[in-house]
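See below for the structure under consideration.
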């Protein structure tokens, strides 16, 4: 009986050790992945961007090894939105792969922080981005990715875009600019209901339709309002 108890105790010790190791591997390196926002920046929204098939495409061949290509408009996309957002890269790739890519992609320093695989949650064999660990108000966070809803634990913050696989005529990043700039300027109290209203739609196309509808309503309102008519006549 004593021997059996010792074996059982040893088994439980080994099991706990393995579980602790798995937990350490599976959980993000910190519950606070980003430092606090400065007081004067607390109104700024955070735009979290995935990397592969979103901003770049990485391709491997036996002859050439790994090669990485920039998505059309990626640099202009980053440079423009850095005026409005705190930009963060959040990818399940390893840092030694990510760093050289971003050194070339972001030569103007538009990206404020880089989060790589060690900042993800490992669940059932897959790495997930956990926006709750960002140390940011979730109402002010958007996660833009070609695989946003499948790889993020907070799909309500997801901004899905079409995956890029070297299509030369791709304009998705530039097409997203009007919507993203609008959100930053309009500054909703909670971005999640805004994103929910676009669920199932192509965001750039739907945003254009809504913008045109709004402009038509405003023109009609002005034409029916005596104040606007008298202002034009004077």
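Derivation of every value follows stated rules applied to the coordinates shown; laboratory data play no part. Keep in mind that what you see is a predicted model, and the values were worked out from it rather than measured. Cβ: placed from backbone, ideal geometry, glycine included. Neighbour counts: every protein chain shown.
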Tensor-based shape of the range 27-157 (alpha-carbon gyration tensor, a/c under 1.5 rounded, otherwise prolate or oblate): oblate
Computed label-point distance, nm, for sites residue 30 and residue 43 using a 7 Å Cα→Cβ extension: 2.7
Gain in span if fully extended, residue 209 to residue 59, counting 0.36 nm per residue against the direct Cα distance: 50.4 nm
Amide N proximity, the range 175-194 versus residue 132 label position 7 Å along Cα-to-Cβ, cut-off under 19 Å: 191-193
With label points set 7 Å from each Cα along the Cα-to-Cβ direction at residue 202 and residue 189, the distance between them in nm comes to 3.4
Going by the alpha-carbon gyration tensor, a ≥ b ≥ c the square roots of its eigenvalues, is the range 111-172 rounded (a/c under 1.5) or, if a/c is not under 1.5, prolate (a/b greater than b/c) versus oblate? prolate
